[in-house]
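Single-structure report; data block below.
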There are 4 protein chains.
Amino acid sequence: MGEIVGNADIDACEDLLEGLRRGRPAAGQDPVKRSQIIDGARRVFIEKGFEAASMNDITREAGVSKGTIYVYFANKEELFEALIEEERGTIFKNMYDMLERADDLRQTLIKFGKVLSMKITSARVIQAQRTVIGASDRIPDMGARFYERGPKRGHDKVVTFLNAAIERGLLEIEDVDLAAYQFTELCLAGLFRQCIFAYRTKAPTQDEIDHIVRSGVDMFLKAYGTERLAEGEKTLHSS
Amino acid sequence: MGEIVGNADIDACEDLLEGLRRGRPAAGQDPVKRSQIIDGARRVFIEKGFEAASMNDITREAGVSKGTIYVYFANKEELFEALIEEERGTIFKNMYDMLERADDLRQTLIKFGKVLSMKITSARVIQAQRTVIGASDRIPDMGARFYERGPKRGHDKVVTFLNAAIERGLLEIEDVDLAAYQFTELCLAGLFRQCIFAYRTKAPTQDEIDHIVRSGVDMFLKAYGTERLAEGEKTLHSS
Amino acid sequence: MGEIVGNADIDACEDLLEGLRRGRPAAGQDPVKRSQIIDGARRVFIEKGFEAASMNDITREAGVSKGTIYVYFANKEELFEALIEEERGTIFKNMYDMLERADDLRQTLIKFGKVLSMKITSARVIQAQRTVIGASDRIPDMGARFYERGPKRGHDKVVTFLNAAIERGLLEIEDVDLAAYQFTELCLAGLFRQCIFAYRTKAPTQDEIDHIVRSGVDMFLKAYGTERLAEGEKTLHSS
Amino acid sequence: MGEIVGNADIDACEDLLEGLRRGRPAAGQDPVKRSQIIDGARRVFIEKGFEAASMNDITREAGVSKGTIYVYFANKEELFEALIEEERGTIFKNMYDMLERADDLRQTLIKFGKVLSMKITSARVIQAQRTVIGASDRIPDMGARFYERGPKRGHDKVVTFLNAAIERGLLEIEDVDLAAYQFTELCLAGLFRQCIFAYRTKAPTQDEIDHIVRSGVDMFLKAYGTERLAEGEKTLHSS
DNA sequence: CATGAATGAGCCTTCATTCAT
DNA sequence: CATGAATGAAGGCTCATTCAT
């Protein structure tokens, strides 16, 4: 057959062809199309919930044919899970960055609390959470998986942060795990349930969040702050 | 078969049946039957969620015919709403009683906090809340209505309670509304989200709740308690 | 509740109601509707084969709604199997009656052979057999079941019949089972394969079958007939 | 990526590939590729039947692209027909060779009967026949064409053979056409229908076929053999 | 008035075929 | 000219709702 042609030549040739094929990715491999589908799916799933969303709706919204969706995702559930996974990634991405570099404790807590509160109560994130909760009857573990890889990881980072502050002598906490939950809840005081039940139809304003988070951090530090923290803060203020 | 039986006989027979059900209420008015339907619906909706529950399931579970259900409830959604309304009533019934008679502040807060936390995280109530949240894309305002008539009213009662305590000089709170939310959240620290996302598959234990509520009340009183409260508590303890 | 009413009365009353309910059979129990569905299914399945027949076609042909079909039959396969079962019953019903009362052996064989040959090569039966064969990739055992309860039973009856003739000293056969197959095949000589492959588009004529069966019976008796048979036949003719 | 590669390079590359396939035939004309497709199609069609076989399966099995298949065959049906045509050729090829050179009549019939019976009841051939029968509702005339060019031609050869034997004074047959069918059927006694309905799941054994064919040939010769045949056979045996 | 058999729109999914690359 | 990603009609089946009994 091709024995007269060196392998190197063939390889080179195939590379060439590969290059030329650019723009026709393998089935189920085109990341652009994948995104397109997930974007359509997001709009439909988030608006209608898992069950009420029909693959036809998604087809229409995504602008691809039904067959194509099924090349990229084995079925409705997998499409939904992929969407939720992506969503989870987006939501919690960078959320905990500021806990890495800790200067002033109170300011850090306030800044983090605001970001946390704002993200979690943003219209889109609330919708996503609602959808996950609603689908978890149908897809068991989906909610658990979401929580584990999202909120749980965040919680762990808060624990680590608090431990660092304890080490620095700024906090004195018996049950750090509980304290981390308390902190988070204080930052969300009332907001999460209001939003998730759609009692609030809009995300809270920046001012509301400011007010809530400040009050929450005050409370938290009054409860767990050491004298050294108080001194540090005085210094900080006087400076 | 039936042809040999005269009409008189049939009438007699029907009268008998009628008699057994003495005073048959107008269509869709019999509260017993209504309850029967809602009870069946509850079992099915709570177990399967709104979409997955079929009217046939409910029919079977309730022991009434499909036609009858449709006399009492215009459609699946209305039946679900009625169920949720009832459920809401049951859940929040008596929950705030102990806020009426306030003796020792700390003890009252702890007792109330425990009841609140236990109720809201109980398997059944979590399931109900999940179902409401899941269905709220389908039935707008359903979640809002649920929140408004349930958690919101409870919140208002807490506000009233706190105001009373302020009046008695036991607490000093700038933003009572916020404080009420903070209190509630501290009692639930972490639990609500864990349960609603099915990360926790079982309701928290009595001990867990004890621990969380105590810690939360401590924090709350450390933040908002007045000197008079402290004195009162000392007295209480010394006595 | 009804304790004041004797059980006898209630029973009587229910019987009455039952009588009145005549004409509204339970779901999936109305034999008329069942027949209606099977009749529609027959037309469609037989015309198009199992796969190509769509439930929509059957719906249309049977004049019932899709839902109704699924009340009577769990799925397409079960409907098909029910149809085939019925068809099998119809086909082989009474086919072997004349083997029961055996007078003149040759005449009996000829009469039976004709019936057999005519039935099996009739347009409708051929179609049914084709459909079964075509579906047996999808529904394993279906063909086997059909054969077992149809042709196989017939074969057994032929065996019994031949054994009786042997007992009467009319036949002498080493392998009766094989002889029974031989007899059947001789009666169908060429016809079955021609029909099943639709090489013949019409059923064979009466004359063709006459000719084939006579020739086959001659052959069969020449091979297996005893002297006593020959004598008996001479007598029969001379008389 | 590919932009940096000049057209000249690409052309060179393509020439290379072209060179490797020296003498590329016109579209849909390469017999090697055609065979490749049909081979893949055979495996799939025979295993799954016409409807259940998907063009994707065939694509995979044949190792060619879908587009290519559609260059060689207008659609699924035509591909199937081509396959069956080929299969038919293979099945009946050489089957009738031994009827050409006739020495001892009985031995020839036995040898031929065995080959016939074995071929027609072999798993593969039965599968093929089932597939044809199953598809013949879909593709009219397919079965007829198969029969005409396969079994029918075989039948004609048997007729010719029998006529030769008659000429040689070995047989005395009124209706040679019928006799040919009778002979064939006797060789298959019971087997064909058992196999085609999948009542038998395995091909008959060599011994079974031996037994059946011998018995069939006996019967056939007892019915149609002349005295000269009997003498000839005696001679044969005594020698 | 209760009943539950019947309805049929709509669901998710498959796959023969086309056509841009 | 081969390729295989994309298409979308059509498939089997479910279930909220209706209406004759």
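Indicate the gyration tensor shape class of region C:144-230 (rounded, prolate or oblate), computed on the Cα atoms with a ≥ b ≥ c the square roots of the eigenvalues: a/c under 1.5 is rounded; otherwise a/b larger than b/c is prolate and the rest oblate.
Note, shape of region C:144-230 comes out oblate.
Mind grabbing the interface size between C and D? I mean buried accessible area, both sides, 1.4 Å probe, in Å² to the nearest hundred.
Buried surface at the C/D interface: approximately 4300 Å².
Helix D:7-20: angle to the longest alpha-carbon principal axis of chain D, degrees 0 to 90, nearest 10?
10 degrees
Quick one: net charge around A:GLN206, please, counting Lys, Arg +1 and Asp, Glu -1 for every other residue with C-beta under 15 Å from its C-beta.
+3
Mind checking which of A:GLY67, A:GLY225, A:GLY216 has the largest fluctuation in a GNM of chain A, springs on alpha carbons under 10 Å?
Looking only at A:GLY67, A:GLY225, A:GLY216, the biggest GNM fluctuation is shown by A:GLY67.
For C:LYS33, go through the aspartates and glutamates and keep the ones whose alpha-carbon is under 14 Å away, minus same-chain ones fewer than eight residues off.
C:LYS33 reaches C:GLU61.
How tilted is helix D:76-92 with respect to the longest principal axis of chain D? Cα atoms for both, answer in degrees (0 to 90, nearest 10).
That works out to roughly 40 degrees.
Need one value for B:115-126: mean number of C-beta atoms belonging to other chains within 10 Å of its residues' C-beta atoms.
The shielding value for this peptide is 0.
Within straight cross-link reach of D:LYS48, meaning Cα distance under 16 Å, which lysines are found once same-chain residues fewer than 8 apart are removed?
Counting by Cα, and skipping residues close in sequence, D:LYS48 has these lysines nearby: D:LYS76.
If you roll a 1.4 Å probe over the heavy atoms of the protein chains, what accessible area per residue do you get for the protein assembly as shown, in Å²?
Value for the protein assembly as shown: 50 Å² per residue.
Show log10 I(q)/I(0) for the protein assembly as shown at q = 0.07, 0.08, 0.09 Å⁻¹, two decimals, from a solvent-free Debye sum over equal Cα scatterers.
The Debye formula, applied to the Cα set alone, gives -0.88, -0.97, -1.05.
What distance in nm separates the two pseudo spin-label positions at C:GLU208 and D:GLU85, each 7 Å out from Cα along the beta-carbon direction?
It works out to 2.7 nm between the two label points.
Measuring label to label, 7 Å along Cα→Cβ, what does D:TYR70 give against each other copy in nm, shortest first?
Once sorted, the set of distances for D:TYR70 reads 1.8, 3.3, 4.6 nm.
How high is the relative contact order of region A:68-150, in percent, with contacts defined as C-alpha pairs under 8 Å that are six or more residues apart?
Relative contact order comes out at 34 percent.
Averaged over its residues, how many other protein chain Cβ atoms are within 10 Å of peptide B:183-191's Cβ atoms?
Rounded to a whole number, the mean comes out at 6.
Which whole number gives the average, over all residues in D:128-135, of C-beta atoms from other chains lying within 10 Å of the residue C-beta?
6
Output the relative contact order of chain D, whole-number percent, from Cα pairs under 8 angstrom with separation of 6+ residues.
18 percent
By the scheme Lys and Arg +1, Asp and Glu -1, what is the net charge of all other residues having a beta-carbon under 12 Å from that of B:VAL217?
Result for the neighbourhood of B:VAL217: +1.
Which lysines, if any, have their Cα less than 25 Å from the Cα of D:LYS157, not counting same-chain residues under 8 positions apart?
By straight Cα distance, D:LYS157 reaches C:LYS202, D:LYS93, D:LYS111, D:LYS114, D:LYS119, D:LYS222.
So the label point sits 7 Å from Cα along the Cα-to-Cβ vector; using that for B:GLU148, what distances do you get to the other copies, in nanometres, sorted shortest first?
3.9, 6.6, 7.9
Summing Lys, Arg as +1 and Asp, Glu as -1, what charge do residues with Cβ under 14 Å from the Cβ of C:GLU86 carry, C:GLU86 excluded?
+3
Can you name the residue in chain B whose Cβ lies closest to the B-to-D rotation axis, and give that gap in whole Å?
Residue of B nearest the axis onto D, distance in Å: B:ALA52, 16.
Estimate the FRET efficiency between B:SER35 and A:ASN94 by the formula 1/(1 + (r/R0)^6), using the beta-carbon distance for r and 56 Å for R0, to the nearest 0.05.
0.60
Return one number: the angle in degrees, 0 to 90 and rounded to the nearest 10, between the long axis of the Cα atoms of helix D:153-167 and the longest principal axis of the Cα atoms of chain D.
The angle comes out at about 30 degrees.
Could you check how much of the accessible area of region B:103-199 is carbon and sulfur, as a whole percent, using a 1.4 Å probe?
On the way: 1580 of 3380 Å².
Of the solvent-accessible surface of region B:103-199, carbon and sulfur hold 47 percent.
Size of the dipole of the protein assembly as shown about the Cα centre, Lys and Arg at +1 and Asp and Glu at -1 on the beta carbon, nothing else charged, in debye to 20? Mind dumping the intermediate values first?
Values: 136 positive and 156 negative charges, 144 e Å.
Value, rounded to 20: 700 debye.
Would you compute, from DSSP H runs of 4+ residues alone, the mean residue ellipticity of chain C at 222 nm, taking -39500 (n - 2.57) per run and dividing by the full residue count, rounded to the nearest 500?
After summing the helix terms and dividing by the residues of chain C, the value is -21500 deg cm²/dmol.
Considering amide H positions built from the backbone, and no H for Pro or chain starts, which residues 5 or more places from C:LEU171, or on another chain, come under 5 Å of its amide H?
For C:LEU171, the qualifying residues are C:ILE166, C:THR226.
In a solvent-free Debye calculation with one equal scatterer on each Cα, what is log10 I(q)/I(0) for chain B at q = 0.17 Å⁻¹, listed in the order of the q values?
With no solvent term, the Cα-only Debye profile gives -1.19.
Shortest first and in nm with one decimal, please list how far the B:PRO31 label point sits from its counterparts in the other copies (point 7 Å along Cα→Cβ).
5.0, 6.4, 9.2
Run the quick spin-label model on C:GLN107 and B:GLN107: label points 7 Å from Cα toward the beta carbon, then report their separation in nm to one decimal.
Roughly 11.3 nm, to one decimal.
If you average the alpha carbon positions of region C:37-83 and of region A:112-167, how far apart do those two centres end up, in angstrom?
A separation of 51 Å, based on Cα centres.
What does the convex hull of the alpha-carbon atoms of region A:161-202 project to on average, in nm²?
Values: hull surface 14.4 nm².
Over all viewing directions, region A:161-202 projects a mean Cα-hull area of 3.6 nm².
Run the numbers on region C:103-204 and let me know its relative contact order in percent, using alpha-carbon pairs under 8 Å that are six or more apart.
Computed value for region C:103-204: 40 percent relative contact order.
Using a 7 Å offset from the Cα along the Cα-to-Cβ direction at both D:ARG43 and B:THR235, what is the distance between the two label points in nm, to one decimal?
9.3 nm
The values are calculated or read from the model by the stated rules, or taken from the named source; none is laboratory data. The model shown is predicted, which means the values in this text are computed figures rather than measured ones. Cβ: placed from backbone, ideal geometry, glycine included. Neighbour counts: every protein chain shown. Heavy atoms of the whole protein, side chains included, go into the accessibility calculation; ligands, DNA and RNA do not. Shrake-Rupley method; radii C 1.70, N 1.55, O 1.52, S 1.80 Å.
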